[in-house]
Amino acid sequence: MPATIRQCAILAGGLGTRLGDLTATTPKPLLPCGDRPFLAWLMREFQRFGVEEFVLLTGHLSDAVEQAVEALARSLPRPARITLSVEPVRAGTGGAVFHARDRLDERFLLCNGDSLFDGNLSRLLAAAAATPALGWMMLRRVPDASRYGVVTLEGNRITAFQERPAPGAAGLINAGVYLLDRTVLDRLAPVCSLERDLLPRLAAEGALRGVQADGYFRDIGIPEDLARARSELPAVLRRRALFLDRDGVINVDHGYVGSRDRFEFLPGALEAIRAATEAGWHVFVVTNQSGVARGLYTEAAVQVLLAWVADEARAIGGTLDDVRYCPYHTDAALPEYRRESDWRKPGPGMLLDLIRAWEVDPLRSAMIGDQPTDLQAAAAAGVPGHLFGGGNLLDFVRPILAR
Ligand SMILES: [Mg+2]
């Protein structure tokens with residue numbers, strides 16, 4: 001079963017009453033946070049883990065969300081399909097999912113549109129790929145859980161939801177991010193609550209599992225927390241980036257590798273990607289693929305192979321946030337690929353495009369390659385370069401991440 005989940009539904013129909021006038025005409029997820037709506041930050045995070053389609057579950061002020069869709073899509077670093085599912089009545093969080101049932105995939109992610117958890121989502125993807133269950137949810141450990149309900153975890157099975165514990169008691173709480181199998185839709189009513197109805201029922205059935213993660217969390221339900229999100233979020237989510245060459249760094253350079261049967265991971269490669277994801281870095285692949293220009297394989301084959309590498313990374317708890325490849329070469333056999341390109345390393349084009357799309361600070365990032373041309377590309381993009389001479393990539397990456 002692939003670890004990557006392509007679809008994410010986002011609960012965006014709340015009234016936002018605790019925010020008073022702020023949400024009189026603007027739905028809570030669209031409140032500005034830095035230079036864009038809060039929702040744009042949230043969607044951008046999910047794109048890092050392979051989400052390509054968002055279903056916005058709306059109700060209250062749905063028209064405002066619809067009007068924002070184009071700008072949201074433009075603000076994202078990767079292409080996305082964004083659609084709306086409008087609840088016909090005040091349906092509650094479970095009802096909102098019920099009314100979107102015809103749009104939802106076999107397995108889909110679901111999250112609150114008014115909170116953001118910077119925990120490694122691939123922990124959830126990896127666990128769910130290894131152990132299928134009707135429901136998986138992200139859990140956040142907090143030192144004082146007295147403001148929240150807590151869960152009881154046995155292994156990774158959630159056996160109960162409990163009321164608020166006494167002040168000062170640590171606990172595991174719902175982080176508002178779920179991975180659901182669409183058969184759970186049979187358990188939903190047109191008006192119901194995810195938290196009060198569906199999750200406790202799944203737990204009672206033994207069908208709900210949880211994954212713990214740490215990380216920044218912010219809910220924008222009250223003005224004080226919205227103000228904190230506005231000041232903190234842009235800095236928290238402007239991450240450092242690990243740029244990786246492909247052949248000779250992630251996989252053995254057998255020469256013009258265009259298919260999975262010739263793709264051999266180098267030792268520690270997937271583990272290095274996971275370590276970078278865990279450390280909160282973006283992980284990008286930047287790879288010259290003149291095999292396309294030479295007619296040895298197609299661009300589609302390059303994309304399929306890189307998507308598979310990304311899924312392998314997610315299956316062990318890391319992610320490839322994005323990739324760039326250069327299919328061009330001046331000696332191309334195929335005329336449509338015969339050209340000079342500043343995307344071809346030692347040109348910096350691929351790195352510069354990722355830096356722009358993901359708003360990365362190059363100086364705080366790192367590029368790892370096995371050729372001098374990789375380091376020339378990095379230098380031209382303002383990214384510190386590191387020449388990998390073989391061995392275990394995780395061992396090589398660890399000190400770089402610790403810097
Ligand atoms: Mg190489």
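The values are calculated or read from the model by the stated rules, or taken from the named source; none is laboratory data. None of these values were measured; they are calculated from a predicted model. Quick reminder, even Gly has a Cβ in these numbers, built from the backbone with ideal geometry, and neighbours come from all protein chains shown. With ligands, DNA and RNA removed, areas are computed over all heavy atoms of the protein, side chains included. Shrake-Rupley method; radii C 1.70, N 1.55, O 1.52, S 1.80 Å.
Points worth noting:
- Taken over the stretch 70-79, the criterion of being open to solvent by 30 Å² or more (accessible area, probe 1.4 Å) and not polar (S, T, N, Q) is satisfied by GLU70, ALA71, ALA73, ARG74, ARG78, PRO79.
- Filtered residues of the stretch 228-253 (kept if within 30 Å of PHE265 (Cα to Cα) and more than 16 Å from the ligand (Cβ to nearest atom)): LEU237, ARG238, ARG239, ARG240, ALA241
- Counting only residues that are farther than 29 Å from ALA307 by Cβ and small (Gly, Ala, Ser), the stretch 5-63 holds 8 of them.
- Pick from the stretch 293-326, criterion under 15 Å from TRP343 (Cα atoms) and within 16 Å of the ligand (Cβ to nearest atom), ranking: surrounded by the fewest Cβ atoms within 10 Å (Cβ to Cβ): ARG324
- Taking the listed residues ASP261, ASP225, the one that is more than 15 Å from the ligand (Cβ to nearest atom), at negative phi and at pLDDT below 95 is ASP225, with no other qualifying.
- Residue match in the stretch 167-175 (condition: outside the structural domain of ASP321 (by TED's automatic domain parsing), open to solvent by 10 Å² or more (accessible area, probe 1.4 Å) and in contact (Cβ under 8 Å) with a residue 60 or more places away in the chain): no
- Helices (runs of 4 or more DSSP H) fully within the stretch 193-282 that include at least 3 residues being open to solvent by less than 30 Å² (accessible area, probe 1.4 Å) and touching a Lys or Arg at 6+ places or on another chain (Cβ under 8 Å): 223-237.
- The stretch 14-45, residues that are touching a Leu at 6+ places or on another chain (Cβ under 8 Å), part of a loop (DSSP other than H, G, I, E, B) and at pLDDT 90 or above: THR26, PRO27, LEU31, GLY34
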